């Protein structure tokens, strides 16, 4: 293994287990994480594995083209998502393709998914939609999805799920859970009547502040504490 690979495997496996418990990752879906100071990328395995029981040893190491370097399992069918986005945006640390229920509802609706929660500010004014129903299995399809996401944090995938990304694993996880929260709350609010959306100015302010203060790390740490078996909890100092 290269330097930092063992630690990165542990972090990715834990994130995948948490996504599994939150029903964001199941039969379908996958998460990738760059290995620091390396050209290699870790990705959760393909196949019908129970995502809530994934371990560090189950993670697959691949190169920048998506070829498996290490690991007992194959890479996912839609590895092209990760290959295209990691190449297009080398600053990204982590990318996820998730089958998130409430966000997927908006992927098949003519109504746009807009931000109503201030803590979902990283999503921008409106989450763009990738409108190809097919699986993203080719380099061309991966590039087309990357075009839709642009320099944003997420995209809906029509009738399929979502793709999210972040500069770090913590940030990608924060984007992912907040996107699903936002979709559910928006759906519920629309059932009542008129909706108040967060303004672009407030979105920009919140995004800058949360990243500067490091509060995007809190969500993953919270769920990691729920997983802890020794009773110990990792404190996050910027409680809100």
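Every listed requirement among (1) closer than 30 Å to residue 55 by Cβ; (2) modelled with pLDDT of 95 or more; (3) under 19 Å from the mean Cα position of the chain (by Cα); (4) surrounded by 14 or more Cβ atoms within 10 Å (Cβ to Cβ) is met by residue 73 save one, (3). Candidates in the stretch 132-149 are the residues that are part of a loop (DSSP other than H, G, I, E, B) and in contact with a helix residue (DSSP H, G or I) (Cβ under 9 Å, 6 or more places away or on another chain); of these, the one that is surrounded by the fewest Cβ atoms within 10 Å (Cβ to Cβ) is 134.
Of the numbered criteria (1) at pLDDT 95 or above; (2) over 16 Å from the mean Cα position of the chain (by Cα); (3) under 15 Å from residue 181 (Cα atoms), the one residue 118 fails is (1). The one condition from (1) at pLDDT below 90; (2) touching a helix residue (DSSP H, G or I) at 6+ places or on another chain (Cβ under 8 Å); (3) more than 25 Å from residue 41 (Cα to Cα) that residue 211 does not meet is (3). Looking only at the stretch 30-63, filter to residues that are within 10 Å of residue 76 (Cα to Cα) and surrounded by 22 or more Cβ atoms within 10 Å (Cβ to Cβ); which one of those is farthest from the chain's Cα centre (by Cα)? Ranking the qualifying residues of the stretch 30-63, first place goes to 60. From (1) over 21 Å from residue 24 (Cα atoms); (2) in contact (Cβ under 8 Å) with a residue 24 or more places away in the chain; (3) exposed (fewer than 14 other Cβ atoms within 10 Å of the Cβ), pick out the condition that doesn't hold for residue 159. The number of the failed condition is (1). Can you name the residue in the stretch 102-131 that is without any contact (Cβ under 8 Å) to a residue 40 or more places away in the chain and in contact with a helix residue (DSSP H, G or I) (Cβ under 6 Å, 6 or more places away or on another chain) and, of all such residues, is surrounded by the most Cβ atoms within 10 Å (Cβ to Cβ)? By that ranking, first place goes to 130.
A Cβ distance below 7 Å, combined with a sequence gap of six or more or placement on separate chains, defines the contacts here; from the stretch 222-235, residues that are at pLDDT below 70 reach no residue that is assigned to a loop (DSSP other than H, G, I, E, B) and exposed (fewer than 10 other Cβ atoms within 10 Å of the Cβ).
Within the stretch 132-156, count every residue that is under 15 Å from residue 66 (Cβ atoms) and free of Cβ contacts under 8 Å to residues at least 40 places away in the same chain.
Step one: list which residues in the stretch 132-156 are under 15 Å from residue 66 (Cβ atoms), which gives 135-143, 145-146.
Those left that are additionally free of Cβ contacts under 8 Å to residues at least 40 places away in the same chain: 140.
Residues flagged as under 15 Å from residue 66 (Cβ atoms) and free of Cβ contacts under 8 Å to residues at least 40 places away in the same chain within the stretch 132-156 amount to 1.
Restricting attention to the stretch 11-46, the residues being within 23 Å of residue 135 (Cβ to Cβ) and outside any loop (DSSP other than H, G, I, E, B) number 12.
For the stretch 189-210, which residues satisfy the criterion of being part of a loop (DSSP other than H, G, I, E, B) and either touching a strand residue (DSSP E or B) at 6+ places or on another chain (Cβ under 7 Å) or without any contact (Cβ under 8 Å) to a residue 40 or more places away in the chain (or both)? Even if it seems obvious, please write down each step before you answer.
Step one: list which residues in the stretch 189-210 are part of a loop (DSSP other than H, G, I, E, B), which gives 193-199.
Correct list: 193, 194, 197, 199.
The values are calculated or read from the model by the stated rules, or taken from the named source; none is laboratory data. Everything quoted here is computed from the prediction, not taken from an experiment. When we count neighbours, we look across all protein chains shown, and the Cβ atoms used for this are built from the backbone with ideal geometry, even at glycine.
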